[in-house]
C-alpha cells in the first residue's frame, strides 16, 4: 500500500516528476513514430510520397481510435476487477476485449482495403499522390487488426501496475517500425510501399511480444480460451465506457481531413507541408500533455483525501511546467524553422520555403496549447465532465470550419493560421477557469473542499 499512500504524502514535485516521466516518454514514443516515418519517406522517396502518407493518415487514425475505444473500457473494467481481487473476471474482460479487437479490426481493415481509392479521394489525394497512397493504405490496413489489439493490450499491461513495461513495449514497436521502414526504403528501394510493409511487420511482432507477456508468469492475467466466446452484455459495457475516446479520435481524423482538403489547392507540396506542420506540432505538444495526464490521478487522490493545499501545489507546478515547455519548444523552432523543414526533404527547396514560412505561426498554437490541456485534465480529475469536454473537444470543433474557410479567404497561409486562432479562445477560457480554481483552493482546507464539491455538482447539473 506504500505506493498508494505516497500520493498523499510524498513531496509534490518529486511525485509529479515520477508520474510524468513514463507518460511523457510514452507520448514522445508515439510522436517519434510519426516524425521518423515522415522524415524517412520525405528524404528517401520524395514530396509526393510524403503527401500520400499525409492523405492516408486520417484513415490510419481510425485503427488507433478503435484501439483506444476498447483499451479505455477494458482498462476501467479490469482495474475494478483487480481491485476486488477477482482475477477470473479480469481474464474474462481480457478475453472479450481481444475478441472485439479482432472483430472490429478485421471490419476496419476490410473497409479500408475495399474502399481505399474513394476514401483517399475524400482525403484530397489525386493523380500520382493517389496512386502511391492506395497501395500504402491497403498494406497498412492489413495490420489494423494487430494495431487495435496492441493499443488495448497496452492498457491491460498498465492496469497491472506496469506502466514502464507498457512504455517498453511501445518503444520496441517504434524502433522496429523505424528500422524496417529504413531498410525497405533505403536498402531495398521499395519506396512508400516499403514504409507500409515495415510498419506491418513491426505491428505483428509487437503484438506477439504482448501475447508472450500475457501468457507468462510475470502477468497477473492470462488469455483463456473459455473467455474468448461472445458475451454481448460485457461487450456493450466495454464499448460504452470507451466511447468518448473513440469520439475524440474520430473528431481528430475529421480535423486532419479538413486540413488536407484546404491544402489540396496547393497540390502535393501543400499536402506534404501540412503533414510536416502536424508532425512537428504533435511532437512538441505531447510532452506537456504527458505531464497534464500524470497530474490527473494525483489531483484526484488528494482531492479525495481532502488535501486542497496539495491539489493547489500540483496544479501550480503542472501549469508552470507545461507552459514553460510549450513556450520554450515553440520558441526554439521559431529560431530555426528552415533547419526543421530540411529534415523532411533533401531536394525540394519549395517545400522547405513553405514550411519555413508557416512553422512560426503553427508554433503559436503549440505555445497556447498547454493551458487548456492542463485545465481539461484538472477538470477530469475532479470529475467535472462538461468543462473538460469543452476544453478538449471545442478546439477540434472550431478547427474544422477554420481549415475549410480560411484557405478560401487567405490562401495557403490560412492553413497555418487556423490552429492558433482555434487555440486562442480556449487558452483564454482555460486561464480564466484555472484562476477561479486557484482562488478556491487558496481558501482554508474545509472551505476549499466544500467549494470544489459544490463546483462539481453545478458542473454536472
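Look at residue 259 and say whether it is out of contact with any helix residue (DSSP H, G or I) (no Cβ under 9 Å at 6 or more places or on another chain) and assigned to a helix (DSSP H, G or I).
When the stated conditions are applied, residue 259 does not pass them.
Is it the case that some residue within the range 311-329 is more than 27 Å from residue 441 (Cβ to Cβ), assigned to a helix (DSSP H, G or I), in contact (Cβ under 8 Å) with a residue 12 or more places away in the chain and within 26 Å of the chain's Cα centre (by Cα)? Yes, some residue in the range 311-329 is more than 27 Å from residue 441 (Cβ to Cβ), assigned to a helix (DSSP H, G or I), in contact (Cβ under 8 Å) with a residue 12 or more places away in the chain and within 26 Å of the chain's Cα centre (by Cα). Restrict the check to the range 374-383 and report whether at least one residue is surrounded by fewer than 18 Cβ atoms within 10 Å (Cβ to Cβ) and either within 22 Å of the chain's Cα centre (by Cα) or at pLDDT 85 or above (or both). Within the range 374-383 (the criterion being surrounded by fewer than 18 Cβ atoms within 10 Å (Cβ to Cβ) and either within 22 Å of the chain's Cα centre (by Cα) or at pLDDT 85 or above (or both)), the answer is yes, since at least one residue qualifies.
Specify the residue that is modelled with the highest pLDDT; the eligible residues are those in the range 240-272 that are more than 30 Å from residue 416 (Cα to Cα) and surrounded by fewer than 17 Cβ atoms within 10 Å (Cβ to Cβ). Before you say what the answer is, go through the steps one by one.
Step one: list which residues in the range 240-272 are more than 30 Å from residue 416 (Cα to Cα), which gives 240-243.
Of the ones still in play, those that are also surrounded by fewer than 17 Cβ atoms within 10 Å (Cβ to Cβ) are 240, 243.
Numbers: 240: 82, 243: 77.
Among them, the one singled out is 240.
Restricting attention to the range 221-233, the residues being assigned to a helix (DSSP H, G or I) and either buried (at least 20 other Cβ atoms within 10 Å of the Cβ) or in contact with a strand residue (DSSP E or B) (Cβ under 8 Å, 6 or more places away or on another chain) (or both) number 1.
Looking at 250, 246, which is the one that is under 30 Å from residue 351 (Cα atoms) and in a helix (DSSP H, G or I)? Going through 250, 246 in turn, the sole match is 250. Residue count for the range 316-339 satisfying the condition of being buried (at least 20 other Cβ atoms within 10 Å of the Cβ) and out of contact with any helix residue (DSSP H, G or I) (no Cβ under 6 Å at 6 or more places or on another chain): 0.
Would you confirm, using the coordinates I've provided, whether residue 196 is touching a helix residue (DSSP H, G or I) at 6+ places or on another chain (Cβ under 7 Å) and in contact (Cβ under 8 Å) with a residue 40 or more places away in the chain? Taking the combined requirement at face value, the residue satisfies it.
The single condition among (1) closer than 25 Å to residue 256 by Cα; (2) outside any helix (DSSP H, G or I) that residue 306 does not satisfy is (1).
The values are calculated or read from the model by the stated rules, or taken from the named source; none is laboratory data. Remember, it's a predicted structure, so these values are computed and weren't measured experimentally. When we count neighbours, we look across all protein chains shown, and the Cβ atoms used for this are built from the backbone with ideal geometry, even at glycine.
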